[in-house]
Amino acid sequence: MNEILIFLGPPGAGKGTQAKQLCEDRNLVQISTGDMLRSHRSRGTELGKQAQAIMDRGELVSDDIIVGMVRDEITSMEAGNTRVLFDGFPRTTAQAEALDQLLVDSSLSLTATVLLDVEEEELVQRLLKRAEIEGRADDNEETIRNRMKVYNTQTAPLIAFYEEKGMLKRVAGLGSVEEVYGRISEVLPK
Ligand code: AP5
């Protein structure tokens, strides 16, 4: 049976962390546009080279590139068994509209959008801590602040976009990873 979920939320909200467990438990394929871009960077592809400077500034890669990557993933999936969790996509209204169209074209419908709600100072602290462990290029304070600004201006309007469709599930993202996971499980269909 098809299932299409979206994880929405600011940088550091826990989208990637929660996505891994949820995909395992619900047999979903995680589509993380951030991971896909980082894979292009580490392989040194043309797309990776184009994206590098944009990501390091904390800006968004162009909608056309992102939608093209997602379209390739979705259209290669088995019809009737498309089970996907989008992590970090869509991030702009144009991407959300393109996803709507892609779902219509593939006779699919959205199951739910989960918003992970965490206040900004906690997010900054989480990402600075990750910087010490993983050394991700965009986890420095200046870029983190810009990623927050970009989220607030370009991605946060999607909260109203999905709320108006009756698709938004808000989940408090503060607490242990297990506590947050429990809250996410509660708002999703069994
Ligand atoms: P992307 O990789 O999507 O980064 P992001 O949205 O900034 O997300 P993060 O990975 O930083 O946070 P997360 O919410 O996944 O949290 P996580 O679980 O990792 O995008 C990177 C860049 O790629 C963008 O800036 C842009 O340039 C480009 N890009 C990607 N998608 C794009 C798109 N659709 N359009 C255009 N450009 C795009 O957790 C963060 C940390 O917190 C971890 O260390 C984790 O261990 C910790 N943590 C998690 N949960 C908890 C908890 N409950 N308590 C304490 N710590 C926790």
Exercise for review: Check off (1) over 14 Å from LEU8 (Cα atoms); (2) at pLDDT 95 or above for ALA160 and give me the number that stays unchecked.
Suggested key: (1)
**Study point:** Members of the stretch 51-86 found to be under 21 Å from PRO11 (Cβ atoms), touching a residue at least 12 places away in the same chain (Cβ under 8 Å) and not hydrophobic (A, V, I, L, M, F, W, C), listed by number
**Key:** ASP56, ARG57, GLY58, GLU59, ASP63
Practice item. Give the residues of the stretch 77-95 that are at pLDDT 95 or above, over 12 Å from the mean Cα position of the chain (by Cα) and of a type in the set (A, V, I, L, M), sorted by residue number. Key: ALA94
Study note, to complete from the structure: Listed by first then second residue, the pairs whose first member lies in the stretch 125-139 and is over 16 Å from PRO10 (Cα atoms), whose partner is of a type in the set (D, E, K, R) and more than 6 Å from the ligand (Cβ to nearest atom), with beta carbons under 7 Å and at least 6 positions apart or on separate chains, are ALA131/ASP139; ALA137/ASP56
**Study point:** Set LEU158, LEU168: member being surrounded by 12 or more Cβ atoms within 10 Å (Cβ to Cβ) and either small (Gly, Ala, Ser) or touching a Phe, Trp or Tyr at 6+ places or on another chain (Cβ under 9 Å) (or both)
**Key:** LEU168
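The values are calculated or read from the model by the stated rules, or taken from the named source; none is laboratory data. Here the structure is a predicted model, which is why all the values come from computation and not from measurement. In this analysis, Cβ positions are derived from the backbone assuming ideal geometry, glycine residues included, and neighbour counts consider all displayed protein chains.
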